[in-house]
Structures are given as structure tokens and as C-alpha cells.
Amino acid sequence: MVKKFAVVSSLLVILILIGCGKKGKSPRQYADIGNTPYQEDTILLTYGTHPERALVLLDSAFLLGNIDEFHEQLCRATIYSRSLEGQRQDSALAISEALLQHDSVKNNPANLESVINLLITASRSKADDNEYLRWSLEKAALCRKQGNEVELLRTEAEIGLVLTHLGQASEGIAKLDNCIEQLDEPGSIDRMDAFVIAVKRKMDVLIDMGHYDEIPPLAQRVLDRLEHYEQHQQEYAEDSYRLSWNEHPSDRDRYLDFCRAQANGFMAIAYATMGDAQKGREHLALFDQSGYGQTFSARRMILPAQMALGLYDEAMSTYYRLAQGMGTDTMNMNYAMMLRDSAIVMRYKGHNAEAYELMRRNAQLCKLLSDSLHKSEAHNNAARYHAKEQQLMIQKVEGESQRKTILAVAIALLLVATTIVSVYYRHQRQRIAEKNRVLVRMINENSLLNVNADTSARPVRDDSAEKSADDTSLQQPDEEQQAAESDAESFETIDAIIRQERIYANANLQRQNICDRFGINRFTLNNMLFQHRGEPSLPQYINSIRLEEAVKLLRQRQDMSISAIAETVGFSPANFRKQFLRRYGMTPTEYRQNQ
């Protein structure tokens, strides 16, 4: 009865704790997600091909307890920041800024850095260069405080890129060149990754400025560094918190594929735009052959090369997916670019009227986007954003208060359940202790020492049948009796030598060792064991001797450890415990404690 009450109480506490996470909501039904592990890295990897599925996995991971509240919010904001929808990008920023007030961030510099990284990514996705610069500078200050030189240079590369966006091209390029120069040396995975990122940021700037001829040499430097790493992996220090593949080499292969594909993508864009169609197609083919090249983000990256090479159908297919991802949020430069390129395709196909309409819409959208920068709409949007942020914070505080109340009740119930369970197990331990004392007395009285655990395997001697056989001695010749007696004497001799010379203590003892020592074959040995000891096999016979000797040592040598006794009689410590428990119903430690 006590046990049932304890179990019911524990289940009640678990149900209450699960209910703390959702306020006033019924359990949500999720789509079948198969055997996919509900882990953060799997969720983010899934996002590359199935964004909505990634959110389902995230909800499931949080409900299953595979991810805590902080990392659930961080992962959700990461997914939103990669969305093409402006509302989700806004949500990413709102969640990230709220996380800055989270206890896990205030007390943990690593978590703070993760949140700032997310704010940088979200700001870059929204093309909000002022916020992009703000958070990059915040991270740079944090890196200086922590003395993290490589992460500081990686962040300085981000600052160099955004400075060029803000019209400070010379200063931004100088910063990028400085980062590339300081990171351009092998021997460290973290430095290699930062070098690749700095070079990619420089190539982004060169594309914006139209300096395509400078891109191929930079992209080749990335390919050379990756090749050097593959040929000299043992010379690279595993020092990156971002890239760790000691236990998962597939992560390394995916990273190399990603970096190599992007380098070929930059080359394809550069050569195609400069009019070198042959080289452009060569690098585009290498890009398409990569694993990364099949993802949607990769298809977006390679759009300029496809347009320059006249691969309009492929480009339009990517634009179609881009439009689907944006939904109704078409007030952005991505949509304007799509209209412009669609017009080019329509003109190429001879549909001049459609081309004219698309160009007209492109011009109108570009004007609206430009005008919005000079109107008060931006301030109104910012006010609505901050009001929404305050509302989210109020809801969060209310939710925290409710969770604390429920948690206090749950803790009280848990204490009651713990007390009941503690009493129950104390009673159980007393019963086990009494049973162990009885077993020890039996072992010490030698009632178990010479009995095999499987007594049913031992042949039963029928005295009445033996007597009858004596009365009818004509049925058993004298020679047979003499052979049986000689066989018994031989086994007694073998048994005595095994015990006296401690042959049993050899942990690597084999059946052939015994056969060779006493000049008998395996079948004769097996027959002897079965006839005279009732043992079905040599290992069980040897284990019986080892256990008998171990009991003596446990009783007589209190100064010897359990492991030492196990090794002395020929057992490994783990096997000794297993065999002792199987034979005597208690462990060696329990036997010694109850002496």
C-alpha cells in the first residue's frame, strides 16, 4: 500500500511539472515525426530542408525535456531569424532581446555570446545595418573582455562588412584585410574557420562593389586552406567551440562540404558575371555536386550566376520557392530583385508585355522601399515593436509567477512523496540485511560451498539400483568396476592438483591447458566433471573452485580488497560479483559486511 501511494504521488508531481510550461492550453497534437532525435543540433539541421518540421521537432523536444527553456527559446529565435518572413524575423529579434534578461544569460558569458550572435544574425537577415553594427560591437567588447583573440577577429570581420554597407567602404575593407592577414596561418581549426568567414565577408563586399575580378583568388585561398587541413589534420588543434567533431566525423565532412561549396559558388558568380561562361559553369557544376548545393539557401546564393549564365529556368524555380517563403511579406529587396530578374527572363523569352509590367512593379517597389527610410513609418513600426516587446515581457513575468507558485506546491508534494519512499526503502533495506545475514550463516556452515547453482544438472545416485547391481554382479564385469574406480581416483588427483597448484587462478585458463597437463582429451575431461562433480562444463567447475576459495579469503583476509580477491582467484572484478551473486544470492561486499 505504501509503495502504491509513493508511485501515485510521484506521478502527480511529474504531471504538475509538465503542466507548468503551458498556460491554459490543451495538449497539442503533432505530426508523426518518426525516429528523429529531438535534439537541438538535429532541429537546426532539419530546418535547412523542412522549416515547419523543425518547429514541430522543437516543440516536441521541449515537451520531452530534451531541451531546457532557455535553449528552446534560443533555438526558436534561430529558426525565425533564418525565415524569409518579416514577422518571424521581428519575432527572432524580440525573443533574443528578451533572452538578454534571462538568468542563464546574466550568469553565463557563453550564453550571452550565443544570444548576441543570434541578434547579429537576425539584424543581418533584416538588413538592419545599424543594429547589425550595434550587436557586432557588443560582441567585440565581450571577446576583448574574455581575451578570445580568434572570436574577436571573426567579429571584426562582421564589423568590416557592415561598415561598407553604411558607406564607410575604405575603413570596412581595411578591417577585413587585417582580419584575413592575422588569421591566415594553419594549425588551428578555430582560426581556419574564422579565416574562411573573414574571406567570405570580403567577397560579399567585392560583389556589392562590383569588383568580381578580385573574388577568384580569395575563393582559391579558402579551397587551399581546406585542402591543407584535409592533408594535415593531425597538425590542427581541436580548439573550436563552434566546430567539434571528435565524436562525429560526419560534422567535419559537412563543414568542409559547406565551405568548399560556397567558395566554388563565389567563383561561379564572379566568372559568370565577368563573362567567362566556361569557368562559371565549371564552378557551378562543382557547387551543384556538393551536399550544401542542394539546400534552399545555396540555391539563393547561386542565383546571380544562374542569371548571368542564362540558366533562367533554374533561377525561376528558386525565385518561386523564395516567393513561397516570403508569403505576403513582399515589401523587401528580395522581392524587388525577384521582379527584376523575372522581367529579364520574360524579355529573353520574348514576352515583352510581361517584362514591362514586372519592371514597372520593380521600380515602384524600389521607390516605396527608398521612401520608407525617410518617412515616419519607420518610427511608428519601432514604437509598435517596443510595445509588443513590453507586452511579451509582462506575459513572461506573469508566467514566471504562476510557474513559481505551482513549483512550490510541486516541491511540497515531492517532499511528502520522498519521505514516504524513504521510509519504504528503509524497511526494504532492513529485510535485505536480515536475508543477507541468513545467507552468510549458511555459507559459513559450508551448506552452499560444494553445491552447484544448478543442482538439477547433477546426476542422482540411486543407492537401491546400486545395491541391485551388486546382487546381480554378473551384469557388471570386474574390469568395469576397476575402470570406474581408477577414473574416480584420476579425477581426485586432477582436482587436488588444480587446487594445490592454484591452476584455477589463471584468468586465461583454457580447457586445452588442462587436457595437455594431464594427458586426457576433452571428452574424457567432460565425462569426469559430470560423473564426479556434476558440473556440465569446465568453466563452471573452475568457477566453483574459485568461488570456494574466494569465500575463504573474504572471511579470513579482511585486509584484502574485493578486487584483489577477485584477481587472486582468477576472476575479473565485474565477473566475480556476477558469479558470486548468482551462486550465493548476495554480492561479495554484502557477504563481507554481514560477517
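The values are calculated or read from the model by the stated rules, or taken from the named source; none is laboratory data. Only a predicted model underlies this, so the values are computations on that prediction, with no experimental measurement involved. Positions of Cβ are backbone-derived with ideal geometry, glycine not excepted, and every protein chain shown enters the neighbour counts. Calculation scope for accessible area: heavy atoms of the full protein, side chains included, ligands and nucleic acids excluded. Shrake-Rupley method; radii C 1.70, N 1.55, O 1.52, S 1.80 Å.
Just a few scattered comments:
Matching residues to (1) open to solvent by 10 Å² or more (accessible area, probe 1.4 Å); (2) farther than 17 Å from ARG154 by Cα; (3) acidic (Asp, Glu); (4) touching a residue at least 24 places away in the same chain (Cβ under 8 Å):
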{"residue": "PRO186", "(1), (2), (3), (4)": "yes, no, no, yes"}
{"residue": "ALA194", "(1), (2), (3), (4)": "no, no, no, yes"}
{"residue": "VAL199", "(1), (2), (3), (4)": "no, no, no, no"}
{"residue": "GLY210", "(1), (2), (3), (4)": "yes, yes, no, no"}
{"residue": "VAL222", "(1), (2), (3), (4)": "no, no, no, yes"}
{"residue": "GLU227", "(1), (2), (3), (4)": "yes, yes, yes, no"}
{"residue": "ALA237", "(1), (2), (3), (4)": "yes, yes, no, yes"}
{"residue": "SER250", "(1), (2), (3), (4)": "yes, yes, no, no"}
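- Test: PHE287 is within 30 Å of HIS228 (Cβ to Cβ) and buried (at least 23 other Cβ atoms within 10 Å of the Cβ): yes
- Members of segment 292-324 found to be within 34 Å of the chain's Cα centre (by Cα) and open to solvent by 50 Å² or more (accessible area, probe 1.4 Å), listed by number: GLN294, SER297, ARG300, ARG321, GLN324
- In summary, helices (runs of 4 or more DSSP H) completely within segment 295-357 and bearing 3 or more residues that are within 17 Å of GLN89 (Cβ to Cβ), touching a Lys or Arg at 6+ places or on another chain (Cβ under 9 Å) and at pLDDT 75 or above occur at 296-301.
- Positions within segment 84-104 being buried (at least 20 other Cβ atoms within 10 Å of the Cβ) and either of a type in the set (Ser, Thr, Tyr) or within 23 Å of the chain's Cα centre (by Cα) (or both), in sequence order: SER91, SER96
- Residue in segment 565-580 that is outside any loop (DSSP other than H, G, I, E, B), over 24 Å from ASN436 (Cα atoms) and either more than 48 Å from the chain's Cα centre (by Cα) or of a type in the set (S, T, N, Q) (or both) present: yes
- Matching residues in segment 518-539 - criterion: being out of contact with any helix residue (DSSP H, G or I) (no Cβ under 7 Å at 6 or more places or on another chain), more than 24 Å from ALA566 (Cβ to Cβ) and not aromatic (Phe, Trp, Tyr): GLY519, ILE520, THR524, ASN526, ASN527, GLN531
- Residue match in segment 542-554 (condition: of a type in the set (Ser, Thr, Tyr) and open to solvent by 10 Å² or more (accessible area, probe 1.4 Å)): no
- Residue check, ALA496 out of contact with any helix residue (DSSP H, G or I) (no Cβ under 9 Å at 6 or more places or on another chain), in a helix (DSSP H, G or I) and open to solvent by less than 70 Å² (accessible area, probe 1.4 Å): yes
- Within segment 338-366, being more than 19 Å from ALA305 (Cβ to Cβ) and of a type in the set (A, V, I, L, M) holds for LEU339, MET346, ALA353, ALA355, LEU358, MET359, ALA363, LEU365.
- Counting the residues of segment 181-191 that are out of contact with any Leu (no Cβ under 8 Å at 6 or more places or on another chain) and in a helix (DSSP H, G or I) gives 1.
For every residue, the table says whether it meets (1) open to solvent by less than 50 Å² (accessible area, probe 1.4 Å); (2) of a type in the set (D, E, K, R); (3) in contact with a helix residue (DSSP H, G or I) (Cβ under 6 Å, 6 or more places away or on another chain); (4) modelled with pLDDT under 90.
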position: PRO109; (1), (2), (3), (4): no, no, no, yes
position: LEU118; (1), (2), (3), (4): yes, no, yes, yes
position: GLY160; (1), (2), (3), (4): yes, no, yes, no
position: ILE173; (1), (2), (3), (4): yes, no, no, no
position: ASP177; (1), (2), (3), (4): no, yes, no, no
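- Positions within segment 515-537 being surrounded by fewer than 19 Cβ atoms within 10 Å (Cβ to Cβ) and either more than 12 Å from SER490 (Cβ to Cβ) or basic (Lys, Arg) (or both), in sequence order: CYS515, ASP516, ARG517, ASN521, ARG522, PHE523, ASN526, PHE530, ARG533, PRO536, SER537
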